[in-house]
Structure formats: structure tokens, C-alpha cells
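The values are calculated or read from the model by the stated rules, or taken from the named source; none is laboratory data. In this text the structure is predicted, and so the values were computed from the model without any measurement. So basically every Cβ, Gly included, is an ideal-geometry build from the backbone, and we count neighbours across all protein chains shown. To get the accessible areas, we keep the full protein, side chains included, count just its heavy atoms, and leave off ligands, DNA and RNA. Shrake-Rupley method; radii C 1.70, N 1.55, O 1.52, S 1.80 Å.
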Amino acid sequence: MTTIRLTAAQAMIRWLSLQSSEDGGRFIEGVWAIFGHGNVAGLGEALHAHKDTLPTWRGQNEQTMAHAAIAYAKANHRRKAMAVTSSIGPGATNMVTAAALAHVNRLPVLFIPGDVFANRAPDPVLQQIEDFDDATVSANDCFRPVVRYFDRISRPEHILTALPRALRVMTDPANCGPVCLAFCQDTQAEAYDYPVEFFEPRTWYIRRPEPDQRELEAAVACIRAAKTPLIVAGGGVLYSGAEQVLLNFAKTHSIPLVETQAGKGAVDWEEPLHFGSPGVTGTGCGNELAARADLVIGVGTRFQDFTTGSWTVFSAPGRKLLSINIHGYDAHKRAAQPLVSDAKVALEKISAALGKHRFADPDFSARTKWFQTTDALFAAPKTNELPTDAQVIGAVDRNAGKQSLIMCAAGTMPGALHVLWRAAQGGYHMEYGFSCMGYEIAGAMGIKMALPQRDVICMIGDGSYMMANSELATAVMMGIPFTVVLTDNRGYGCINRLQVATGGAPFNNLLRDSYHVNEANLDFVAHARAMGANAVKVASIEDLEAEMQKAKTATIPTVIVIDTDPMPGTGAGGTWWDVAVPEVSDRAEVTEARKAYEAGTKAQWLLN
Ligand SMILES: Cc1ncc(C[n+]2csc(CCOP(=O)(O)OP(=O)(O)O)c2C)c(N)n1
Ligand SMILES: [Mg+2]
């Protein structure tokens, strides 16, 4: 056997640089790295040697570097990914939140934290966690519940089994998710005679599992028996590349569709059968259909509570659920008729079996009425009052083209965008599985790296901006432009509204209601400029529109700050959401809210 003598770190990086995506190019596009003693000498040396075949980028924070990597994978519909490496200890645990984010959203990312010495010679090395009773525990064990594959590389030959397993998970359509290869510091630097054939270039194809014949027949029978079916399109539609097939399916059989947060943008909003979204952040016209549907056809959705209004939305008596999903876990939720399959294949096969079977047209006028409602919300304020979030969205929407991509993660905006944004096909990116504040700026950078032809617009609240913004400096350094629209309502507006709606006193959300000695006075323009970004504060919706246009030609990020009113919600569309209200309280408002809450829970269908 021909062998090549490499350190374990060199072998890992060489191997990763040789793995291709079926779309062409590397599957792991590059490596985000912040070095410390746990990875600088081993992995750092290997990354430097391979910098022309597998680039390394330096961010500002391990969590947000990982956000960029995850957004990149999501924007690539999981056909490409990135790796993130950290030192041991704090760098590693900084990535745990991002791992959970990728796990919930089922997105591939490769975490390579350094780990303690395999030989235990220096124990405890700087930053080592010491478990008194278990010598095998390190800080990296925090990753275990939030990754789909965990391995600790404590011998150089572990690479031979660990790496193919890692890529197997990242390219598996059903089990796709984050992987952690915790890499012992001394092992990284240890040499081994690796078989040369291990480094044969390889292309990773994402398989398309076909449905089981009996499940397929049962699904077709379910649809034939229905009168008013509704399609709920989830993120799986995008990951399967089933967008066009879904639209053809809907048109051929005349079935209206709604999209979840992850599924939004599968079909262009202008398609007449597109009725917006279901559930808590649903459109009026979408929820009307959801309430009447006698068959709900989930396609690639995990039926998160926002989609189902905590299971109050699809409420027609005798209503059936058909769940087309790549994983049996989702296909079987709520005793649905399961169809475990790739979405594209399943829709093609069902359509062929249905033949010319068509349903009665939905009431298209409900759609028109809905757009009249949202037009009114979009209209610029007549007085000199602070604009609402909906008015900001209206302004951004008017200045977006079919090439624009809107992105966000947490706060008021995700819900408001889900219900109001008119997404062109492929023009919407929402991290709403984990809804992680601090995903936005780094995420926008990752998306722009994946889709340089898109005009990326990042919507962010002041709270999320304050939580994580430093990758702005990285985007400036790397020349990655995107537009940030920062809505400053001086606090956590959405949670303040939720607090009041559940009977609570306004407390600890808006800055004015939070403990302070001095009034907060945040200058976001000065802050963003200090990181090298373009930044401007606008006083009106008109000025916002003008700055949006200017930002389109910038070569670095542009942050546009606008003061908004924290109090109004969109007031359109949505349904009930299960947020538990205290059973006893001294506050009369809480007792009242509890009554309403209990009434709401009665509409939930828990069993079935
Ligand atoms: C990391 C993280 N911490 C806490 C939360 C809970 N949370 C959701 S939205 C929100 C406030 C967001 O404030 P801001 O970004 O200013 O948006 P606004 O609603 O004010 O427009 C909080 C605290 C979260 N989603 N993520
Ligand atoms: Mg805010």
C-alpha cells in the first residue's frame, strides 16, 4: 500500500479540499477560523499549507462565524457547506448555540473545535474542564445533543473513519445537520502514514429516496377523497429542489398552497394559487383556507408551532393530515398519513397517479382582498409619527426587485415579513427554527458569499444588532456588500408586546422599562461606521427608499438606521399561539389573560 506521511490535521484539511459538491466546486467551500493554543499549531499549519485549495477566513466570534457558515449552507440548499474551527474551551463553547441552530434547522456545518491533550501530559491544559469523576469529559461534550454526528479525534487514524462519516451526515437529506469533530491538540500535530487512496477526489450526491408503493397509494387515495385540500410547503421543498414541480402540481390539480417560514419563496408570490402563509404569522387568506381544509398536505415541513398555531389552525372537523417528508419522524407527526420520500419524487408520482383529477378553484378574491389589506399597512405614515414595522417593510418591498433576497432571524421582523413580504422565488431566507438573535449580520454575509448575484437585504432590530454585529467588520474586510435595515424601537419590541398580551407589566424589555441609572443613548450609525461599514440614519420612509437605492451599488455593507414605533404589531392575519400564562397572580391583567389562554387551549387538538 502506498502511503503518505502527514499530520492528522494535514490529512483532514487535504481530504476536505478534495470533496466536491454535485453542483460543482468543493462541498466544504472554506474554513472560518479563530485560532488559540488548541488549534493554531496543528490545524493552523495545515490550513496555511492548503490556503489555495481550501481558503481560511478569520471572523470576530466563533458563534457568528458559524452563523455565516450555516447561512451559506441554507442559501445553497444544503448542497455546499463550510467548516468552523476554534481553540478548546471558550472558542468551542461559543459555537454550541450555532450548532443548536443548525440542528433545529437541519443544516450542514462542520465544527472542528480543538480538544484537550489525548496523552493527558499537561493536564489540565489551559481552558480544560475537569470532571472529577469522568476523565473522558471535555467542554466539547456540550456539542453532543446539538449535532447529528459527534466524534473525538484522539488518534491520527481516526480521521480515516471520522471524515467520511461527517460528510455522510452532512449530505444525507434526512439526517442532515451539524457535525462536530473535536480534535485533540496533540493528535492534530501527530504524523501517520495515511493510505494515498484515502485522498482520491470524491463527489457527494444527495440521494432522492423514492416513496414506498403502499404509502404512495394511500397518499393518492387521501387526496382523491378530499374536497378542499391545502398544501403547506416547508423548507424541504427548497432542499429537494422541488419548487417547479410543486407549482406544476398545484396548478395541474388546482390545489392552493401556503408556505412556512422555511418554505417561503418556493413559489413566487404572484402565482394565483399562492395564498401566503399559515398559522401565527399567517396571512388572512391563508388561514381562511387552513380553517376550511379537509386535507392538509404538508410537503417538507416539520409542523413547527408557528405553522400550526400550536395545533389550532387546521381545525375543520374530520380534517386529515398527509405529511410528505424525507424523514419518518416528520412524516408521522400527529398521526398523519405518512409518505416518506424526497419531495420532488413524491409530488411527481402523486401527480401521475392523480392524472386529470382537479379540485374546484379556491376563492381568488380572498387573495386580492388580502393584498388590499397589506397595501393599507404598507402606506407611508401621513402624520409625522414614527413609522411602524409594516411601513418599513412596505418601503423595502417597493425598492426590492426579483433579484433581492430578504433575510432575518428574530424579533418583530420575522413574523411581520412572513405575513407581509411579497417574496419572489428564492428571495426569502428566514432562520426561524431557532430564531436566534445575532444570526442576522453574519447570516447576511454567508448568504452573499453563496449568492453573489443577489441583492441581500438584512432586516434587524436594535436588540438583535446589539447582540451580535461584529462580523460587519469581517464583511468590510472581505468586500462583501449587503444592506442592513436596522429598525430602532429602543428595545425588545416584540417581547414587550407579548409580555403585555399575557397580562404582564411592561418590564425589562424596552430600554425605558429596564433598570437604568443613565438613559441608553445608542448611536448605531457611529457604531457601524467604527467597523468600517457605510451607515446612515434616515428620518422618513422616503429617505429610507432613497438610501436603499444607493446601497445597491456599494461594495461594502450599508447600515440604514430608522427609528420605529415599538407598540403596533402588524394586526393582520395571524392566529393564536400557545404561550403559557400564570395560573395565579396578583395582577388582574394576568388573571384575565389566563382566561383567554385557557379558552385558546380548548381549540388545540392534542391527540389524533
Ligand atoms: C439569542 C436569543 N435570545 C433571546 C431571544 C428571545 N427574543 C426573541 S425576539 C427578542 C427581542 C428582539 O428585539 P429587537 O431585535 O430589537 O426586535 P424588535 O422586536 O424590537 O423589533 C428576544 C429577546 C432570542 N430569540 N434569541
Ligand atoms: Mg427593538
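List of remarks:
- Helix 62-75 vs. the chain, principal-axis angle (Cα, 0 to 90°, nearest 10): 60
- Here the chain carries DSSP beta bridges of which approximately 10% are antiparallel, counting only pairs with both residues inside.
- The overall shape of the range 359-516, judged from the alpha-carbon gyration tensor, is oblate: a/c is not under 1.5, and a/b is no greater than b/c.
- Here the sum of -39500 (n - 2.57) over DSSP H runs of 4 or more residues, divided by the residues of the chain, equals -10500 deg cm²/dmol at 222 nm, to the nearest 500.
- Phi to ³J(HN,Hα) by Karplus 6.51 cos²θ - 1.76 cosθ + 1.60 over the range 194-199, Hz, x for Gly, Pro: 7, x, 4, 5, 4, 9
- Under 5 Å, built H, 5+ apart or other chain: amide partners of Leu510: Tyr492
- Between Val125 and Phe117, the built amide H atoms are under 5 Å apart, and every one of these is 5 or more places off in sequence or on another chain.
- Pairwise FRET efficiency - Val517 versus His37, Cβ, R0 = 45 Å, nearest 0.05: 0.70
- Prolate/oblate/rounded label for the range 442-484 (Cα gyration tensor, a/c 1.5): oblate
- Summed residue charge, Cβ within 12 Å of Gly286's Cβ, Lys/Arg positive, Asp/Glu negative: +1
- Share of carbon and sulfur in the accessible area of the range 498-542 stands at 52%, probe radius 1.4 Å.
- Of the cross-linked pairs Lys251/Lys602; Lys264/Lys448; Lys264/Lys595; Lys74/Lys537; Lys264/Lys369; Lys227/Lys251, those separated by over 27 Å at the C-alpha level are Lys251/Lys602; Lys264/Lys595; Lys74/Lys537.
- Straight Cα distances below 16 angstrom link Lys333 to the aspartates and glutamates Glu215, Asp305, with same-chain residues fewer than 8 positions distant left out.
- The 1.4 Å probe gives accessible areas that order Arg529, Arg26, Arg148, largest first, as Arg529, Arg148, Arg26.
- Across all C-alpha atoms in the chain, the radius of gyration and Dmax reach 25.1, 80 Å.
- Label-to-label distance, nm, for residues given as Arg144 and Ala603 (7 Å Cα→Cβ offset): 4.2
- Heavy atoms of Thr252: accessible area, 1.4 Å probe, square angstrom to 10: 60
- At R0 = 35 Å, FRET efficiency that the Cβ-Cβ distance of Lys550 and Glu22 yields, to 0.05: 0.35
- Neighbourhood charge, 13 Å Cβ-Cβ cut-off, centred on Phe524 and excluding it, Lys, Arg +1 and Asp, Glu -1: -1
- The H on the amide N of Trp57, modeled in the peptide plane, is under 5 Å from the matching H of Val31, Trp32, Ala33, each at least 5 residues off or on a different chain.
- Formal net charge of residues neighbouring Asp513 (Cβ-Cβ distance under 13 Å; K, R +1; D, E -1): +2
- Pairwise label distance in nanometres, Asp363 with Phe198, each label 7 Å out on the Cα-Cβ vector: 6.6
- Phi-based couplings in Hz for the range 205-217 (Karplus 6.51, -1.76, 1.60; Gly and Pro marked x): 9, 9, 6, 10, x, 7, x, 5, 4, 5, 5, 5, 4
- Rounded to whole Hz, the Karplus (6.51, -1.76, 1.60) HN-Hα couplings of the range 83-97, x for glycine and proline: 10, 9, 10, 9, 6, 7, x, x, x, 5, 5, 4, 8, 5, 4
- Cα gyration tensor shape of the range 355-413, rounded if a/c is under 1.5, else prolate or oblate by comparing a/b with b/c: prolate
- Where a label projected 7 Å from the Cα of Ala379 along Cα→Cβ would reach, residues of the range 385-419 with amide N under 14 Å: 391
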